[in-house]
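Chemist: My questions will all concern the structure given below.
Just so it is clear, none of the values below were taken in a lab; they were calculated from the coordinates. From a predicted model like this one, the values you see are computed outputs, not experimental measurements. Cβ coordinates were reconstructed from backbone atoms using ideal geometry, including for glycine residues, and neighbour counts include every protein chain displayed.
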Ligand SMILES: Nc1ncnc2c1ncn2[C@@H]1O[C@H](COP(=O)(O)OP(=O)(O)OP(=O)(O)O)[C@@H](O)[C@H]1O
Ligand SMILES: [Mg+2]
């Protein structure tokens, strides 16, 4: 299920503004890769190029190659909609569909992509909610609106919604930045479990979080405001946090940045 | 911190406040003053004493408050009292309009009136009713809604979800222009197209074409605003699940804004239901029941009101019928608005 991502020579633009330049990296299947770096260095932008969400922004444009196993996501004839089914995404702010119940939110990806029989859907919804560690909290209120849950529960609902469509890769853009420490811990535990099934990429501003959950860490930086963001280095998390090979990484991690 | 500032009387956070009933007292005093002044000066019109009272109300609030509470609170009170005066200015004519219509309208408004036409009643005789006009209005407005809502909603979807560049700008511009088209011009346009060029006779459907011209821009505008209110995150959440864009719009964006769109459509319907000019040109009006909107003249409520009033000379049976029909029209629009609110509340995201 989980797939390998191999990026080479990737540039992403907003209109004529080059936001990230010449990024190459590999993400191993069944691993958690964390992206760290200062605000505005293009972590979100890069993440969104991995499931072709970047081009949803007006003016968004990408150059380069993103290989998912042996298929180039930016190759000719690739359907972005099909890509997004294989590479799921969880956003910084929980965004359950407000008109839908908890159940419908989890089922949304499947329902909106075609018909599914009720019994099969029930199974998938329960499995996904269990997978997101939310089942026990919501099993009695599956038909209540999803927006009535707490922030942390909503975020796990969004994770359940994303894993219900069985993607190969799960991208998470600062999934815990709006959550309390306990919900954060719940989601970090969840990430540890989910990597058995998916390839996971997570953006975070929280160094301890990157150190706790990830196997590999990528550090992004930008030379100056208005300049494109670049990948400085990517390595095993332990090495990045103990003995990085680039001085800028060490400065950033130890808080001596800027 | 000095010791003096801790004693309650000298605290900078606490100031003298006027009691809750103060504005009411000022209002009562202003009304009394207004009445007294007009009685003394022999003024006849109630508008005059009301104006005097309004000025006293605003002035009194400011004067007393400025002396007791200070200038900032006084300004606040002036703003509040101006809002109240404006509110009354807006509500009094509305209330009196509804009251007048009710008073005069209920005289002949009954089941018979709603279920009979003017077919065998001459304008000066009592009896008769608005059945034919009701049918006409319902059919013409219904057809116009049927034409306008899909066109309007789809245009708004194009503008918000897809529209970029020249075409979108042009569409927005022409929608704005359409908003300002006088209803008589819309009527003339359809007249020249439908009747003069295509050589069709008067019919309900011709009227609904003209009404659509008036309705489409309203639907586009209101739907556009509602679609813009749908947060982008929801679209992205859906797209990121691998849902195609058109399905995202259909299943996520539209349901989220359905309440608002419905309200907009209802308001647009209310707006065209009262239109007389295009109906006059294209549907002509009749005293007989014509349930077929595709051919032959039809009646409609606004035109019925106009014709009855024009033939009445200001009194008698026709005059009463005009008021009763007006009451029916207002009630119809009121019910539509209430329905719109109910739908909006029912469909609002909880
Ligand atoms: N929609 C957009 N249009 C134009 N420029 C954008 C857009 N979104 C982001 N940018 C620019 O692209 C650059 C990278 O932004 P991005 O959001 O990827 O940063 P980030 O690393 O995720 O920052 P943060 O840690 O604050 O989330 C920034 O210079 C930003 O101003
Ligand atoms: Mg970001």
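Chemist: Using Cα-only point scatterers and the Debye equation, what is log10 of I(q)/I(0) for the protein assembly as shown at each q in 0.05, 0.08, 0.11 Å⁻¹, rounded to two decimals?
Modeler: Debye output, listed in q order: -0.40, -0.85, -1.06.
Chemist: Consider just the alpha-carbon atoms of region A:181-257 and return their Rg together with their Dmax, both in angstrom.
Modeler: Final numbers for Rg and Dmax: 13.7, 39 Å.
Chemist: On to the next question. With axes computed from alpha carbons, what is the tilt in degrees of helix B:46-68 against the longest principal axis of chain B, rounded to the nearest 10 within 0 to 90?
Modeler: It is inclined by approximately 40 degrees.
Chemist: Over every pair of different alpha-carbon atoms in region B:1-142, take the mean of 1/r and invert it; report that Kirkwood radius in Å. Mind showing how you got there, number by number?
Modeler: On the way: mean 1/r = 0.0491 Å⁻¹.
Every distinct Cα pair counted, the radius reaches 20.4 Å.
Chemist: Does region B:256-304 come out rounded, prolate or oblate, given a ≥ b ≥ c as the square roots of the eigenvalues of its C-alpha gyration tensor, rounded meaning a/c under 1.5 and, failing that, prolate meaning a/b above b/c? Before the final figure, lay out the partial values.
Modeler: Details: a/c = 3.46, a/b = 2.41, b/c = 1.43.
Prolate.
Chemist: Of all alpha-carbon pairs in chain A, indicate the percentage at a distance above 33 angstrom.
Modeler: Tail fraction, whole percent: 19.
Chemist: To the nearest Å, what is the center-to-center distance of region A:185-209 and region A:104-122, using C-alpha atoms only?
Modeler: Going from one Cα centre to the other spans 26 Å.
Chemist: Please give the helix B:22-41 orientation as an angle from the longest Cα principal axis of chain B, in degrees from 0 to 90, rounded to the nearest 10.
Modeler: 80 degrees
Chemist: Moving on. Given a Förster distance of 35 Å, report the FRET efficiency between residue B:161 and residue B:295 from their Cβ-Cβ distance, rounded to the nearest 0.05.
Modeler: Step by step, r from the Cβ atoms, then E = 0.35.
Chemist: Would you calculate, for chain B, the mean residue ellipticity at 222 nm contributed by helices, counting each DSSP H stretch of 4 or more residues as -39,500 (n - 2.57) and dividing by all residues, to the nearest 500?
Modeler: Counting only the DSSP helices, I get -23000 deg cm²/dmol.
Chemist: Let me check against my output: what whole-number percent is the relative contact order of region A:124-258, with C-alpha pairs under 8 Å and at least 6 apart?
Modeler: Working: 136 pairs, mean separation 22.0, N = 135.
16 percent.
Chemist: In addition: Taking only the Cα atoms of region A:96-209, how large is their convex hull per residue, in Å³?
Modeler: 101 Å³
Chemist: If the label point is 7 Å along Cα→Cβ of residue B:232, which residues in region A:144-174 have backbone nitrogen under 18 Å from it?
Modeler: Residues passing the 18 Å test: A:173-174.
Chemist: At residue B:12 and residue B:36, where each label point lies 7 Å from the Cα along Cα→Cβ, what is the point-to-point distance in nanometres?
Modeler: Modelled inter-label distance: 4.2 nm.
Chemist: Something else about it: At 7 Å along Cα-to-Cβ for each site, give me the label-to-label distance between residue B:97 and residue A:127 in nm.
Modeler: 6.2 nm
Chemist: Could you tell me the relative contact order of chain A? Use alpha-carbon pairs under 8 Å, at least six residues apart, and round to a whole percent.
Modeler: 27 percent
Chemist: Using every alpha carbon pair in chain B, what percent of pairs falls into each 10 Å bin from 0 up to the bin containing the largest distance?
Modeler: Spelled out bin by bin, chain B gives 5, 17, 19, 19, 19, 13, 5, 2, 1, 0 percent.
Chemist: Sticking with this structure for a sec: As a footprinting exposure proxy, order B:189, A:46, B:113 by other Cβ within 10 Å, with the fewest listed first.
Modeler: Placing the least packed residue first, the sequence is B:189, B:113, A:46.
Chemist: Over what distance in Å are the Cα centres of region B:238-301 and region A:14-48 separated?
Modeler: Using only Cα atoms, the two centres lie 48 Å from each other.
Chemist: For residue A:39 and residue B:171, FRET efficiency with R0 = 41 Å and r from the beta-carbon atoms, rounded to 0.05?
Modeler: 0.60
Chemist: Over chain B, calculate the relative contact order: mean separation of alpha carbon pairs under 8 Å at least 6 apart, over the residue count, as a percent.
Modeler: Answer for chain B is 20 percent.
Chemist: While we're on this one: Output the Cα-based Rg and Dmax of region B:228-350 in Å, rounding Rg to one decimal and Dmax to a whole number.
Modeler: Just the Cα atoms of region B:228-350 yield Rg and Dmax of 21.5, 69 Å.
Chemist: Let me have the 222 nm mean residue ellipticity of chain A computed from DSSP H runs of 4+ only, each contributing -39500 (n - 2.57), with the sum over all residues rounded to the nearest 500.
Modeler: It comes out at -10000 deg cm²/dmol, rounded to the nearest 500.
Chemist: Once each part is reduced to its C-alpha centroid, what is the distance from region B:166-220 to region B:14-47 in angstrom?
Modeler: If we compute the Cα centre of each part, the gap is 51 Å.
Chemist: Here's another thing I want to ask about it. Under the rule a/c < 1.5 gives rounded, and otherwise a/b versus b/c splits prolate from oblate, where does region B:284-345 land using the Cα gyration tensor?
Modeler: oblate
Chemist: How high is the FRET efficiency from residue B:196 to residue A:93, r the C-beta distance, R0 51 Å, rounded to 0.05? Spell out each step's value before the answer.
Modeler: Values: r = 58 Å, r/R0 = 1.15.
In this case the efficiency is close to 0.30.
Chemist: Also, quick follow-up: What's the average, rounded to a whole number, of partner chain beta-carbon atoms within 10 Å of each residue's beta-carbon in A:164-173?
Modeler: Per residue, the number of nearby Cβ atoms from other chains is 1 on average.
Chemist: I'm a student and want to see the number: the projected area of the Cα convex hull of region B:115-250, averaged over all directions, in nm².
Modeler: The Cα convex hull of region B:115-250, projected and averaged over all directions, gives 12.4 nm².
Chemist: Helix A:151-164 against the longest principal axis of chain A: what's the angle in degrees, Cα atoms only, rounded to the nearest 10?
Modeler: That works out to roughly 90 degrees.
Chemist: Write down the Å³ per residue value for the convex hull defined by the alpha carbon atoms of region B:94-175.
Modeler: 174 Å³
Chemist: Place a point 7 Å from the Cα of residue A:193 along the Cα-to-Cβ direction; which residues of region A:144-187 have their backbone N under 11 Å from it?
Modeler: Zone members listed by number: A:186-187.
Chemist: Next question, about the same structure. Rounded, prolate or oblate for region B:210-296? Axes are the square roots of the Cα gyration tensor eigenvalues, ordered a ≥ b ≥ c, and the cut-off for rounded is a/c under 1.5.
Modeler: Because a/c hits 1.5 or more and a/b exceeds b/c, region B:210-296 counts as prolate.
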